[in-house]
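The values are calculated or read from the model by the stated rules, or taken from the named source; none is laboratory data. Just so we're clear, the structure is a prediction, and the values are computed from it rather than from any experiment. In this analysis, Cβ positions are derived from the backbone assuming ideal geometry, glycine residues included, and neighbour counts consider all displayed protein chains.
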Amino acid sequence: MLDAIESLTGVQTDGRKSRLPAKLDYIQSVTGGLLALFMVGHMIFISTILISKEFFNMIAKFMELPFIFSDNPMMVSIVGGMVLLIFIIHAGVALRKFPSNYRQYKVSITHAHMMDHPDTKMWFIQVFTGFAMFFLGSVHLYIIITHPVITADVSAGRMALEWMAPLYLLLLLAVEFHGAIGLYRLALKWGWFLGDTPKKGRKKLKFYKHVLTVFMLTLGILSLAAFIKIGLENKSLEKPIDKTHTSCVTTTYFKVVLS
Ligand code: HEM
């Protein structure tokens, strides 16, 4: 009954507006910020392939926390599952900001063009890349959770021989544009790093956003190329992909449990 009154009047029975929208905004900021920070760490990890295969393998092994889980890669699946959960919460909360019918879409796009307002245009890029990530990000996370043993040869095989490279390229573009715009908007919304003159602060933040996008895209594309090169070299050497490493989570866990 109380819900019905609020849904008709827009206010609660005590005359106040619900705090839920503000709480949802907060959840969106926190989950978005966590994911953006995770993606910076993720890119640093992936780009170690540019140093050497051995270095990448060493970092990948370290992520399994072998001193706690001995030879069991369970940690990668656990962290992957947690990231997927945060990803789903963030997407679910963000959905409410998508234009939900033709009229809303038309009003916002006309507004963006008429005012020639770069930040509103940026917001559209975020909606579009966010939508793309629903699909692209879920595929990648599901594969990582169910195939938790990571080595340079396995990743290279996935990219070059199992047709994951095109998906990764699209995901990379979506993540880097979405993440950098997201951090920029987060800083503006909560007033971080704006200084005394917001106009100057906004200009500075925009500059950092561009630098971050270019830096992350460059690292991502170079790493993608390095993995493809390794995969093609392995193929020309007729080096088979190590099936113990590509095997799925059940086989991997049972092998560890039974050994
Ligand atoms: C715990 C979670 C994650 C782990 C362990 C992980 C691990 C990896 C690994 C090992 C690769 C190399 C390719 C492969 O083996 O398939 C990779 C590539 C990639 N991942 Fe993730 N990932 C995680 C989460 C994410 C998330 C949440 C996103 C974005 C939504 C993402 C975006 C990408 C992209 C774009 C690439 C290609 C990078 C490049 O251009 O070189 N990853 N990830």
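A few points about this structure:
- Test: residue in region 109-122 that is assigned to a helix (DSSP H, G or I), in contact with a helix residue (DSSP H, G or I) (Cβ under 9 Å, 6 or more places away or on another chain) and buried (at least 16 other Cβ atoms within 10 Å of the Cβ): yes
- Taken over region 147-184, residues that are aromatic (Phe, Trp, Tyr) and within 9 Å of the ligand (Cβ to nearest atom) amount to 1.
- Filtered residue count, region 107-161, keeping only those that are hydrophobic (A, V, I, L, M, F, W, C), without any contact (Cβ under 8 Å) to a residue 60 or more places away in the chain and under 30 Å from Ile78 (Cα atoms): 10
- Pairs where the first residue, in region 18-37, is over 12 Å from Ile89 (Cα atoms) and the second is acidic (Asp, Glu) and not in a loop (DSSP other than H, G, I, E, B), C-beta under 7 Å, 6+ apart: Ser18/Glu6
- Extreme residue, farthest from Ile46 (Cα to Cα), among residues of region 193-218 that are in contact with a Lys or Arg (Cβ under 8 Å, 6 or more places away or on another chain) and exposed (fewer than 15 other Cβ atoms within 10 Å of the Cβ): Gly195
- Residue-level analysis places Ile59 among those that are within 11 Å of the ligand (Cβ to nearest atom), out of contact with any Cys (no Cβ under 7 Å at 6 or more places or on another chain), assigned to a helix (DSSP H, G or I) and without any contact (Cβ under 8 Å) to a residue 40 or more places away in the chain.
- A count restricted to region 101-130 and to residues that are among the aromatic types (Phe, Trp, Tyr) and more than 27 Å from the chain's Cα centre (by Cα) stands at 1.
- Qualifying residue in region 6-28 (condition: within 20 Å of the chain's Cα centre (by Cα), among the β-branched types (Val, Ile, Thr), away from the ligand (no atom under 16 Å from the Cβ) and assigned to a helix (DSSP H, G or I)): yes
- Top-ranked residue of region 69-112 - restricted to ones that are among the β-branched types (Val, Ile, Thr) and away from the ligand (no atom under 12 Å from the Cβ), ranked as nearest to Pro148 (Cα to Cα): Ile89
- Helices (runs of 4 or more DSSP H) within region 185-259 that include 3 or more residues closer than 16 Å to Arg158 by Cα, within 16 Å of the ligand (Cβ to nearest atom) and at pLDDT 90 or above: 198-236
- Take the conditions (1) closer than 18 Å to Ala152 by Cα; (2) at pLDDT below 90; Lys53 misses just one of them, which is (2).
- In the condition set (1) farther than 30 Å from Gly231 by Cα; (2) surrounded by fewer than 12 Cβ atoms within 10 Å (Cβ to Cβ), Thr31 is compliant with all but (2).
- Condition check for Thr129: under 21 Å from Phe177 (Cβ atoms), in a helix (DSSP H, G or I), hydroxyl-bearing (Ser, Thr, Tyr) and modelled with pLDDT of 95 or more: yes
- Filtered by the rule that a residue be under 28 Å from Lys189 (Cβ atoms) and surrounded by 10 or more Cβ atoms within 10 Å (Cβ to Cβ), region 1-20 gives Glu6, Val11, Gln12, Lys17, Ser18, Arg19.
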